[in-house]
Every structure is written in C-alpha cells, then in structure tokens.
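Below is one structure; the comments refer to it alone.
Read the figures in this text as sums done on the coordinates, not as results from a lab. The structure displayed is predicted, hence computed values, not measured ones. All Cβ positions, even for glycine, are placed from backbone atoms using ideal geometry, and neighbour counts span all protein chains on display.
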Amino acid sequence: MLKVAVVRFPGSNCDEDALRAAELVGCDAFYVWHRDTSLKGAEVALLPGGFSYGDYLRSGAIARFSPVMQAVAEHAQEGGAVVGVCNGFQILCEAHLLPGALVRNEGLSFVSKPVDLVVERTDTVITSAFTKGDIVRVPVAHGDGRFVADPETLAMLEGEGRVVVRYAAADAGVEANPNGSMNAIAGIGNAAGNIVGLMPHPERMVDARLGSAAGLPFFRSLSALGAGSRT
Amino acid sequence: MTYRVHVRVMPRGGLLDPQGQAVEHALAALGFPGANEVRVGKAIELTVAAGSRDEAEARARQMCDRLLANPVTEDYLVQVEDA
C-alpha cells in the first residue's frame, strides 16, 4: 500500500481533505508535523493547502524553513513524489523545488470558485491517470495564486512542456484565468515529473456526494505509483 | 556593536503590482490626479549585532537573499545605521 505523508504546518487547513482523498484511492495516508525531520517512510509527500504561518511575510516563505522541509527536499532530490496544492505549491516555489513564484491575485480579491483546467502534461506523479487535453473542473481558493516567473524561466517551462495544468474556458460562466497567472498557468512540474505544484484543489472534489469526483484522477495517479507503474 | 537595519522590499519593476494600481486609483478618486506610478512594498526593521557596519550590512543582505525578499519577484534595499 502506497504510503502518503500529508505534511501539516501551523495553519494548514486542507490537510484532512488531502488525507481523505489519498485514503479513498487506497493509500496508507498519515500526517507528519512540520517539526518532524523525516517523512516516516512515505513514498509521497503531500503539502496541503492552507495558510501556513499565517502567510506572514509571503505565502510559504516561513514554512519552507520548517524542519520537515529538509526531508521533503531530500525526498524530491531522490526522485520521490512531492505534490503541493495551493499553499503547498507556494511553499515548493519558495523552497526552490519548483521555479517561479505565486503572488497576489491580479484582481486583489481572494478567489474561491470552480475553474476548468486543461491537463497538458500526463507524465507526472499526479496526472498519469489523465489523457492529455482532458478538461477537469475543480475549485480554486486563494489570494496569492498569480503564477509569475522571469521571461527565461517562463520560456523554459513552455519549451520543455512543464506546464501540468492550465486554466481554460471550457464553457461560458467559468472564467478562464481567475488570478492573472502568466500564460494562465495553474500548475507546473519539474523535468522528471516527480515534483508538482498546483493552485486548484482536487482534494475537494473526490466524492460525488459532495458535488463532484472530478479531482479523483489526480489521486488515482498517485496511488498508481504503488502499483509499480512509476517509481 | 548593535546596528539598526532598514530593509525596503519592493515588487520588481515591470511586474504587475495590483496593490499599487488600487492605491493609485484611490488617490485619483480622492482628488490627487497627479499621483502616478504607485507601487506598494514593505519595510522591515531590525537590529543586528555585528563587529562592523559592513558586517551588519552583509548579514542583512544574506537575510534578504534567504528570507526577507523573494528573488523571483522582489528587489530590496538595505540601509544600516548605528543603533
């Protein structure tokens, strides 16, 4: 059974959803605390959404120096799966495990609503269950979600096909780019595809009784790691 | 010696600064039409114990590079004075 560590920081608030989503797809999911110095044998490190350390200074800026982040970085460097959702994505960027940064939304408002994403990359630990071009509707909920990078980095991400999900207008009524992200980028990965960050919240859409199970394939992709389809 | 350090962190030029834009619009609405190019950053103050002013500044710059500013999106300015 694939072991998934949900990394809890003071101020994480999507940790229980993330744990439950991982359990739903058959993973052995457990919490690790920000003061822990190991991932307790986990094969996947899942950094959930929330407001770690109150978003003080910059979103994710303080969390990246938590003791547990050393273990996360080592896990990532060894090729282990590391996934950051929302605040988790912000932390991964602050920790330089992913390039770019997430800054205040273009419209300044906190944006909380469903968005349509187009899956552009399927060779990652969290999107292997999709087909390239799939459209998936999951919510965003963030104030600092505008992805920015310098022109060279942006060109590299696009040139190497490292954009994992992009905001898309699948039908009227759902805004295409909710926060002003460069190139409407909603999620990116490293070259190997084992480190992925995304602003939207698939863990909130894993049960039809709660609205939709559209986010489940992200977690099925993770659970497939345990089946040996990826290491 | 103790030195007082002032750090000014600003969004990088060229990067959209929606806070600055909002403040600029508010200033115009208040009857200050000549107020332009508003940008909003942050100021951080601290004291640093160091052997010299240069050492204090070097330490402050390390703090900026590692934590106080994000090199992707922000520029910083460090000023050091005797505490």
I need to check one value: relative contact order of chain A, counting alpha carbon pairs closer than 8 Å and at least 6 residues apart, in percent.
20
Calculated FRET value between A:MET1 and B:LEU67, using beta carbons and R₀ = 45 Å, to 0.05:
0.75
Which FRET efficiency value, to the nearest 0.05, do you get for B:GLN21 and B:ASP82 by plugging their Cβ-Cβ distance into 1/(1 + (r/R0)^6) with R0 = 25 Å?
0.05
Value of [θ]222 nm, deg cm²/dmol, for the protein assembly as shown, DSSP H segments ≥ 4, -39500 (n - 2.57) each, nearest 500
-7000 deg cm²/dmol
Enumerate the calculated ³J(HN,Hα) couplings along the range A:193-198 in order (Karplus 6.51 cos²θ - 1.76 cosθ + 1.60, θ = phi - 60°), each rounded to whole Hz, writing x wherever the residue is Gly or Pro.
x, 8, 10, 9, x, 9
Rounded if a/c is under 1.5, else prolate if a/b beats b/c, else oblate: with a ≥ b ≥ c from the C-alpha gyration tensor eigenvalues square-rooted, which is the protein assembly as shown?
oblate
Spelling it out for A:ALA29: with amide H atoms placed in the peptide plane at 1.01 Å from N, the residues 5 or more places away or on another chain with amide H under 5 Å from its amide H are A:VAL4
Relative contact order [Cα under 8 Å, 6+ residues apart], chain B, whole percent
51
Report, by chain and number, residues whose modeled amide H sits under 5 Å from the one on A:LEU98, excluding near sequence neighbours (fewer than 5 apart, same chain).
A:CYS93
Straight-line reach from A:LYS113: which lysines fall under 28 Å, measuring Cα to Cα and dropping same-chain residues less than 8 apart?
A:LYS132
Residue order, fewest to most beta carbons within 10 Å, for A:CYS86, B:CYS64
B:CYS64, A:CYS86
Students often forget the sequence filter, so: which aspartates and glutamates lie under 14 Å Cα-Cα from B:LYS42 once same-chain residues fewer than 8 apart are removed?
B:ASP17, B:GLU74, B:ASP75
Helix B:53-63 axis, angle to chain B major axis (alpha carbon atoms, nearest 10°):
60
Give the order of B:GLU45, A:GLU158 when sorted by the count of other beta carbons within 10 angstrom, beginning with the fewest.
B:GLU45, A:GLU158
What do you get when you divide the Cα radius of gyration of the range B:2-82 by 2.2 N^0.38 Å, with N the number of residues?
1.35
Using Cβ contacts closer than 10 Å as the measure, can you line up B:GLU24, A:GLU94, A:GLU78 from fewest to most?
A:GLU78, B:GLU24, A:GLU94
Cβ neighbours within 10 Å from other chains - mean over A:87-100:
1
